[in-house]
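The values are calculated or read from the model by the stated rules, or taken from the named source; none is laboratory data. Every value quoted in this text rests on a predicted model; they were computed, and no experiment measured them. Neighbour counts are summed over all protein chains in view; Cβ atoms, including those assigned to glycine, are modelled from backbone coordinates with ideal geometry.
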C-alpha cells in the first residue's frame, strides 16, 4: 500500500470543566460552514444526558455552541446524535432517548430503560430543530430495547437505512437477545416499517455492538461490528459484512485483522476504506487503519493516545457493561473532505476533563 495518512492538525469541539461531552459528529454544510453535535452530561450514561449543536465558520477550527436542541424533560436522557444532510435546505438528526426514572443503565442486571429512536428535522441549516419524530419498531417491549447505532444512510433518494442494535429491558430475566439490525424508510424518513437483521448469533455467545456503516462507490453498504463475547471482558476481532441489495440481505459477518471496540469505516475517494476505531488494549487510544480489500487493515496511525486516562474509575458491578461505563474515550467517526483529507472526531479525557475533539489527516 503506497499511500499513508499523516497528521495535519487537531482541535477541540467543546470542553467544559464541570460537564462532560460525548459521542460527537461533524457534518459539512452546503454554505461552507460546519455543524457538530454531541450529548453532554455528568457522565457517559447519566440521566441528565442532553443533545447540543455547535457551528463552525472557519473550517472546524473554532466552534460556537448553539445550546440544547430539545425541550429538557427530566424523565428522558438523550444520547448518541448524528446530523445528516438530506437536501440543500434540510438536515435530519438521529438520536435515541431513554426513560430514566433516576437510572439509565442498570449495571447490576445489565438492563436498559425503555428507549425511543428519534429524528429531529431542520429547515434552516441547523439553527432550529423540530420536535422529535419517534421511529417505531414492532419488537416486543418486554424482551427488547433498541438504540440507534451508526449513521443514517441514504441508499437512494427515497430509501433510507437507520441502523440499530437490541438489548434487554428492565425487568427481563435472562440474557439479552442481542442483534444488529436496521429499520428502513421508503419515503425519505416520513414513515418506517421494514426491519432487517444485519448480524445475529443464535447461541447468544457473540454480541454485535455498534454497527457502523459506509456506502461504497458501487452502492454497497459496508458494515463493521464491535464483536464481543458475552459474560466476558474479551473482544474478538472486529467483523464486517456487506449488503449488495440496499440492505435487504446480509451475509454472515467475517473477521477483519483488527481487534478493537467501536470501529467506524469511511469509504475514501481512492477506493480504500479507513477504519477509525477504539484500541482498548495497551497502549489504549483511537487509531486509523486502511484497507483495500475490506478485510485486511494496515498502515495504522494513532489519532489519540489515552495514556493514564483510559478509564474514569472502577466499575460498580462485576460485568462488562459496568466496566464499559467507566471508559474515558471513544465513539470515533469521520468524514472525507472535498480535498481528500480525512477528518476524524471522538470524545476523550485530558486532565480530568471529558470533551469532544477532532483530528485532520492527509495523504503522504
Here the residues within the range 223-243 that are at pLDDT 95 or above and either on the phi > 0 side of the Ramachandran plot or not in a strand (DSSP E or B) (or both) are 236, 237, 238
Mind counting the residues in the range 97-107 that are at negative phi, out of contact with any helix residue (DSSP H, G or I) (no Cβ under 8 Å at 6 or more places or on another chain) and surrounded by fewer than 22 Cβ atoms within 10 Å (Cβ to Cβ)? 4
If we keep just the residues of the range 169-180 that are free of Cβ contacts under 8 Å to residues at least 40 places away in the same chain and under 15 Å from residue 140 (Cα atoms), which is surrounded by the most Cβ atoms within 10 Å (Cβ to Cβ)? 179
Subset of the range 321-347 that is under 17 Å from residue 263 (Cβ atoms) and either over 16 Å from the mean Cα position of the chain (by Cα) or free of Cβ contacts under 8 Å to residues at least 60 places away in the same chain (or both) - its residue that is surrounded by the most Cβ atoms within 10 Å (Cβ to Cβ): 329
Subset tally (residues that are surrounded by fewer than 16 Cβ atoms within 10 Å (Cβ to Cβ) and either touching a helix residue (DSSP H, G or I) at 6+ places or on another chain (Cβ under 7 Å) or part of a strand (DSSP E or B) (or both)) for the range 301-314: 2
Within the range 30-50, take every residue that is touching a residue at least 60 places away in the same chain (Cβ under 8 Å) and buried (at least 23 other Cβ atoms within 10 Å of the Cβ) and give me the one that is nearest to residue 105 (Cα to Cα). 44
So, in the range 196-220, how many residues would count as being surrounded by 14 or more Cβ atoms within 10 Å (Cβ to Cβ) and on the phi < 0 side of the Ramachandran plot? 16
Hey, can you tell me all the residues within the range 243-265 that are within 18 Å of the chain's Cα centre (by Cα) and closer than 17 Å to residue 162 by Cα? 264, 265
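When the residues of the range 281-312 are narrowed to those that are under 11 Å from residue 328 (Cα atoms) and in contact (Cβ under 8 Å) with a residue 40 or more places away in the chain, which ends up nearest to the chain's Cα centre (by Cα)?
285
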Take residue 311 and tell me if it is more than 15 Å from residue 207 (Cα to Cα), touching a strand residue (DSSP E or B) at 6+ places or on another chain (Cβ under 7 Å) and at pLDDT 95 or above. no
Look through the range 213-222, keep the residues that are assigned to a loop (DSSP other than H, G, I, E, B) and closer than 22 Å to residue 186 by Cβ, and return whichever of them is farthest from the chain's Cα centre (by Cα). 218
Find all pairs meeting these conditions: Cβ atoms under 9 angstrom apart; at least six residues apart or on different chains; first residue within the range 122-133 and under 18 Å from residue 72 (Cα atoms); second residue surrounded by fewer than 14 Cβ atoms within 10 Å (Cβ to Cβ). 130/123; 131/71; 133/190
I'd like to check something: does the range 274-281 contain any residue that is modelled with pLDDT under 95 and either over 25 Å from residue 180 (Cβ atoms) or surrounded by 15 or more Cβ atoms within 10 Å (Cβ to Cβ) (or both)? yes
